[in-house]
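*Asks:* Pasting a structure here, questions to come.
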Amino acid sequence: MLDKVKEYLKIDTDAEDNYLKTLITATEQYVSSGLDNDSNKNTALFENAQLMLIGMLYNNRGLTEGKENSTLKLIFNAIMLKLKTSEDIANGTSTNEE
């Protein structure tokens, strides 16, 4: 996953590998915490949500640095909702009422 993250962020050096590994672990835990189980963990959608979150955290390291990108946040939230919804449907626990 480190190589994918570095490609996503366009990083060519190893200088920040330890920080990136921390972000990988933290974002995997964060994205997983939004799901009831790991059924979607090995999907491209999960990976994309994780990469987007890593990008947001990497590019906005401090609370006072950078601006929050509301478009990325909306897309990330939509992906998390999709992962959660597809998981609920697979488990038969969808709360969609018609």
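The values are calculated or read from the model by the stated rules, or taken from the named source; none is laboratory data. For clarity, every value in this text was computed on a predicted model and none was experimentally measured. Because the Cβ atoms are built from the backbone with ideal geometry, glycine has one as well, and the counts that use them run over all protein chains shown.
*Asks:* Could you say whether any residue in the range 45-65 is more than 13 Å from the chain's Cα centre (by Cα) and closer than 22 Å to Lys82 by Cβ?
*Replies:* no
*Asks:* Working carefully through the options Asn40, Asn18, Asn48, find the one that is touching a Leu at 6+ places or on another chain (Cβ under 6 Å) and either assigned to a loop (DSSP other than H, G, I, E, B) or not β-branched (Val, Ile, Thr) (or both).
*Replies:* Unique residue meeting the criteria: Asn40.
*Asks:* When residues of the range 40-77 are filtered for being surrounded by 10 or more Cβ atoms within 10 Å (Cβ to Cβ), aliphatic (A, V, I, L, M) and at pLDDT 80 or above, how many remain?
*Replies:* Of the residues in that region, 8 qualify.
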